[in-house]
Amino acid sequence: MRYLARRFAFYLVTAWAALTLNFLIPRLMPGDPVQALLSRFRGRLDPRATEALTAMFGLGDESMCSTARTWST
């Protein structure tokens, strides 16, 4: 039983670390991912695509704490 409890705790900590890194790394990278994606299309996309991609990626004007709260639920 003690072995299973240790394994469960290890998996729980590992899952938390993976989710935390998955949230933080893209948000701490320099640059704007939406503009990088749109630059590949060289102006052939509708300007409304910027707002749509920003909303889809969750990169609005919200703070990182409120985004994390929304992302975790």
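The values are calculated or read from the model by the stated rules, or taken from the named source; none is laboratory data. The structure presented is a predicted model; accordingly, all values stated were derived computationally and were not measured. Just so you know, the surface numbers come from the protein's heavy atoms only, side chains and all, with ligands and any DNA or RNA stripped out. Shrake-Rupley method; radii C 1.70, N 1.55, O 1.52, S 1.80 Å.
Taking every pair of Cα atoms in the chain, average 1/r, invert it to obtain the Kirkwood radius, and report Rg/Rh to two decimals. Walk me through the numbers before you get to the answer.
Working: Rg = 17.9 Å, Rh = 15.0 Å.
Rounded to two decimals, Rg/Rh equals 1.20.
Counting only helical runs of four or more DSSP H residues, what would the 222 nm mean residue ellipticity of the chain come to if each run contributes -39,500 (n - 2.57) and the total is spread over all its residues? Before the final figure, lay out the partial values.
On the way: 4 runs with 53 residues, N = 73.
Result for the chain: -23000 deg cm²/dmol, rounded to the nearest 500.
May I ask you to give the solvent-accessible area per residue for the range 1-50, in square angstrom, as obtained with a 1.4 angstrom probe?
Values: 4600 Å² over 50 residues.
Using a 1.4 Å probe on heavy atoms only, each residue of the range 1-50 averages 92 Å².
Taking the 0 to 90 degree range and rounding to the nearest ten, how far is the long axis of helix 48-57 tilted relative to the main principal axis of the chain, both from C-alpha atoms?
Taking the Cα atoms of the chain, the angle to 48-57 is about 10 degrees.
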